[in-house]
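To start, the structure itself, in structure tokens.
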Amino acid sequence: MTIDQARLEEFLDRFVADLGAVFAAPAVVAGDKLGLYKALAAAGPSSPAQLAAATGTSERYVTEWLRGQAAGGYVTYDPDGRYRLTEEQAFALADETSPAFVPGAFQVATSTIKDEPRITEAIRTGDGLGWHQHHADLWQGTERFFRPGVRGQPGRRLGPGP
């Protein structure tokens, strides 16, 4: 076997990016579901204790969540020990009307992980996997991810609402 080092490195770079996304997805979904992004956007720079108090969550785990989010570039760490969202981070993570709102896409991604046993079984047996058999996060995440963009297009409307 002859390995082309450049092709291997290209593949491994792609793998690392994909793996990072897999690890980021549950934390983004959790932050969205718990209102952590919205609370941080509303409050401005906050300590883990302040964010935990504002959201009724555990300070210890909010501290770990914030550290991971800062390491991934999803929140910003300030030298005074507080965390904040930049305007761009808030636009993408806390504003559900933003055409750049991304938590719904991560919700879709985590749904595929939840569906993995069914997908594996469908591949093994050939019985298939009906759309109705997917985890509900597939539908909820898809709607949440695409709704703002579709609503922003002139002449387009998705469901009830203004």
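Each reported figure results from applying straightforward, stated rules to the coordinates on display, with no laboratory input. Nothing here was measured: the structure is a model prediction, and the numbers come from that model. FYI the Cβ positions are ideal-geometry reconstructions off the backbone, even for glycines, and counts take in every protein chain you see.
Can you check what the Kirkwood hydrodynamic radius comes to for the chain, Cα pairs only, in Å to one decimal?
Computed over the chain, the radius equals 18.0 Å.
Using only alpha carbon pairs under 8 Å that are at least six residues apart, calculate the relative contact order of the stretch 16-162 and give it in whole percent.
Once divided by the residue count of the stretch 16-162, the mean separation gives 21 percent.
As I understand it, the dipole of the stretch 14-160 uses +1 on the Cβ of Lys and Arg and -1 on the Cβ of Asp and Glu, about the Cα centre. Which of Val29, Pro99, Leu66 lies farthest toward its positive end?
Pro99
For the stretch 9-95, what's the radius of gyration and Dmax over Cα atoms, in angstrom?
In Å, with Rg to one decimal and Dmax whole: 13.5, 45.
Provide the per-residue ³J(HN,Hα) series for the stretch 48-62, in order, calculated from phi with Karplus coefficients 6.51, -1.76, 1.60 and θ = phi - 60°, each as a whole number of Hz, with x at glycine and proline positions.
x, 5, 5, 5, 4, 5, 5, 10, x, 10, 7, 4, 4, 7, 5
More than 14 Å apart: what percent of Cα pairs in the stretch 97-155 qualify?
The proportion of pairs with Cα distances above 14 Å equals 59 percent.
Residue by residue through the stretch 127-138, what is 3J(HN,Hα) from phi via Karplus (6.51 cos²θ - 1.76 cosθ + 1.60, θ = phi - 60°)? Round to whole Hz and write x for glycine and proline.
6, x, 9, x, 4, 5, 8, 6, 4, 4, 4, 4
Please compute the length gained on full extension between Glu143 and Tyr77, using 0.36 nm multiplied by the number of residues separating them and subtracting their Cα-Cα distance.
Here the answer is 20.7 nm.
Let's test the formula: R0 of 25 Å, r as the Cβ-Cβ distance of Ile119 and Ala21. What FRET efficiency results, to the nearest 0.05?
Calculated value: 0.90.
Report the charge-dipole magnitude of the chain in Debye, nearest 20, computed about the Cα centre from +1 at each Lys and Arg Cβ and -1 at each Asp and Glu Cβ.
Dipole of the chain, to the nearest 20 debye: 540 debye.
The stretch 7-57 to the stretch 72-122: how many Å between their Cα centroids?
6 Å
Is the shape of the stretch 57-112 rounded, prolate or oblate, going by the alpha carbon gyration tensor and its root eigenvalues a ≥ b ≥ c, with a/c under 1.5 for rounded and a/b larger than b/c for prolate?
Oblate, because a/c is 1.5 or more while a/b does not exceed b/c.
Nearest 500 deg cm²/dmol is fine: what mean residue ellipticity at 222 nm does the chain get from its DSSP H runs of n ≥ 4 alone, each adding -39,500 (n - 2.57), divided by its residue count?
-20500 deg cm²/dmol
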